[in-house]
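A short write-up of the structure that comes next.
The values are calculated or read from the model by the stated rules, or taken from the named source; none is laboratory data. Just so you know, these numbers come straight off a predicted model, no measurement behind them. Cβ: placed from backbone, ideal geometry, glycine included. Neighbour counts: every protein chain shown. Ligands, DNA and RNA are stripped out before the accessible areas are found, and what is left, the full protein with its side chains, is counted by its heavy atoms. Shrake-Rupley method; radii C 1.70, N 1.55, O 1.52, S 1.80 Å.
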Amino acid sequence: SVLNQRDDFNKIVSNLPYQVAEPLFHYLCTSRNVALTILTVPLKFAKNVPNNSVFSAFLKVDILEEVGRDCFEPQPKITSALIKVTKNLEDSDELFIRRKLYLQKEKKLMNGLRDTLIDYYKLKNKTLTKKQAVSILDNFKIEEKWLDSLIKLMPLQLYSDITKKVMESIQL
C-alpha cells in the first residue's frame, strides 16, 4: 500500500472506502509518524473501536459528528461518522501487555506471551528468565491450538482474556 511506502506525512484526512477502515486502523496502530487522522467511517465501526482490544490499546477515537445517509450521493445503506483518531497516550500495565502482544503478531502466541512477560518484568525492574516465563504461562490454561497459532490469527477477545490472566498471575 502507499502508506507503507511513504513516511513524509503526519496527518490523514479522508472519506475512504469503508472496507479500508480496518486495514487503515491496523496501520495506524504501528505508525510512528501519523499524529492525527480525520475519517468518515461507518458509525457502528467508530462506536466499536473502544471495545476492540487492539485498536483501543493504540488509538483514541472521538466521534465528531454523525453523518446521515442523505449526505451522500448515492446514499449508502448505513449511517456514517466523522471521527478524529489520535494516539492513545494512556499508560497502564494492561495496555502495555496488549500492545506488546500485538507488536509480535508474526510470532506464535506461546513465544509472544513469553517475551511479553519478560518485557513486563523488565518494565517493573525485575528479572524473569524464559524458563520462569514458560512456567507462569503453564498456569494460564490457554487452549493449545491458540498457543501454537500466530498472534495475528487469534480472536480479539483472547487479547483481553490473556491480559486478565497475566494481571491475575503476577504480583510485582
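Out of everything in the stretch 23-70 that is of a type in the set (D, E, K, R), assigned to a helix (DSSP H, G or I) and modelled with pLDDT under 95, what residue ends up being farthest from the chain's Cα centre (by Cα)?
First pass over the stretch 23-70, keeping only residues of a type in the set (D, E, K, R): 32, 44, 47, 60, 62, 65-66, 69-70.
Now restrict to residues that are assigned to a helix (DSSP H, G or I): 44, 47, 69-70.
Those left that are additionally modelled with pLDDT under 95: 69-70.
Values: R69: 29, D70: 32 Å.
Filtering the stretch 23-70 for residues that are of a type in the set (D, E, K, R), assigned to a helix (DSSP H, G or I) and modelled with pLDDT under 95, the one farthest from the chain's Cα centre (by Cα) comes out as D70.
Helices (runs of 4 or more DSSP H) wholly in the stretch 81-172 with at least 2 residues that are under 27 Å from K60 (Cβ atoms) and of a type outside the set (G, A, S) - which ones?
Those helices (runs of 4 or more DSSP H) span 93-103, 109-123, 156-169.
Look at I170 and say whether it is at pLDDT below 95, crowded, with 16+ Cβ neighbours inside 10 Å and over 19 Å from H26 (Cβ atoms).
Values: at pLDDT below 95: yes; crowded, with 16+ Cβ neighbours inside 10 Å: yes; over 19 Å from H26 (Cβ atoms): yes.
So I170 fits the description; yes.
When the stretch 1-30 is examined, which residues are found to be touching a Lys or Arg at 6+ places or on another chain (Cβ under 9 Å) and surrounded by 14 or more Cβ atoms within 10 Å (Cβ to Cβ)? Please lay out each step first, then the result.
Filtering the stretch 1-30 for residues touching a Lys or Arg at 6+ places or on another chain (Cβ under 9 Å) gives 7, 28-29.
Within the stretch 1-30, L28, C29 qualify.
Out of the residues in the stretch 49-89 meeting the condition of being among the polar types (S, T, N, Q) and open to solvent by 80 Å² or more (accessible area, probe 1.4 Å), tell me which one is farthest from F9 (Cα to Cα). Reasoning before the result, please.
Narrowing the stretch 49-89 to residues among the polar types (S, T, N, Q): 51-53, 56, 75, 79-80, 86, 88.
Filter again for open to solvent by 80 Å² or more (accessible area, probe 1.4 Å), leaving 51, 75.
Values: N51: 28, Q75: 31 Å.
Within the stretch 49-89, the match that is farthest from F9 (Cα to Cα) is Q75.
For A46, indicate whether it is among the small types (G, A, S), surrounded by 16 or more Cβ atoms within 10 Å (Cβ to Cβ) and touching a residue at least 40 places away in the same chain (Cβ under 8 Å). Quick ask: steps written out before the conclusion?
Numbers: among the small types (G, A, S): yes; surrounded by 16 or more Cβ atoms within 10 Å (Cβ to Cβ): yes; touching a residue at least 40 places away in the same chain (Cβ under 8 Å): no.
Answer is no for this residue.
Exactly one of (1) open to solvent by 30 Å² or more (accessible area, probe 1.4 Å); (2) free of Cβ contacts under 8 Å to residues at least 40 places away in the same chain; (3) farther than 30 Å from L36 by Cβ; (4) not aromatic (F, W, Y) is unmet by K124. Its number?
(2)
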